[in-house]
Amino acid sequence: MTNTRREKDRVLSVNDLAQMCRVSNETIRRWIRKHGLKAYNTTGGLAIKILESDLRRFSEELNVFVDWDYLNE
């Protein structure tokens with residue numbers, strides 16, 4: 001990944017992903033715990049964040065539906 005790509009990588013919340021994938025917040029947390037979706041804890045572990053590039057990789061590997069238009073709204 002180039003520096004330019006990293007600068008443009010969006011940081012998404014569990015709620016953002018749930019809406020984009022049309023699943024519950026708990027499903028996103030399960031994907032993190034059991035299916036290898038890479039995530040980061042912030043604010044002392046109170047907020048979970050996911051990079052757009054990690055979601056793209058995960059969705060391609062596991063063939064998960066993602067409404068990418070959500071990011072443009």
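S13 passes all but one of (1) at pLDDT below 95; (2) hydroxyl-bearing (S, T, Y); (3) open to solvent by less than 80 Å² (accessible area, probe 1.4 Å); which number fails?
(1) is the only condition that S13 fails.
Quick one: D54 ticks every box in (1) surrounded by 15 or more Cβ atoms within 10 Å (Cβ to Cβ); (2) touching a residue at least 24 places away in the same chain (Cβ under 8 Å) except a single one, so which number is it?
Going through (1) surrounded by 15 or more Cβ atoms within 10 Å (Cβ to Cβ); (2) touching a residue at least 24 places away in the same chain (Cβ under 8 Å) one by one, D54 breaks only (2).
Output the residue which, of all residues in the stretch 16-30 that are among the β-branched types (V, I, T) and either modelled with pLDDT under 95 or in a helix (DSSP H, G or I) (or both), is most open to solvent (accessible area, probe 1.4 Å).
It comes out as T27.
Yes or no, residue by residue, for (1) at pLDDT 95 or above; (2) open to solvent by less than 50 Å² (accessible area, probe 1.4 Å):
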| site | (1), (2) |
| --- | --- |
| I32 | yes, yes |
| A47 | no, yes |
| F65 | yes, no |
| E73 | no, no |
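The values are calculated or read from the model by the stated rules, or taken from the named source; none is laboratory data. As the structure is a prediction and not an experimental result, all values here were calculated from the model. Neighbour counts run over all protein chains shown; Cβ positions are idealised from the backbone, glycine included. Calculation scope for accessible area: heavy atoms of the full protein, side chains included, ligands and nucleic acids excluded. Shrake-Rupley method; radii C 1.70, N 1.55, O 1.52, S 1.80 Å.
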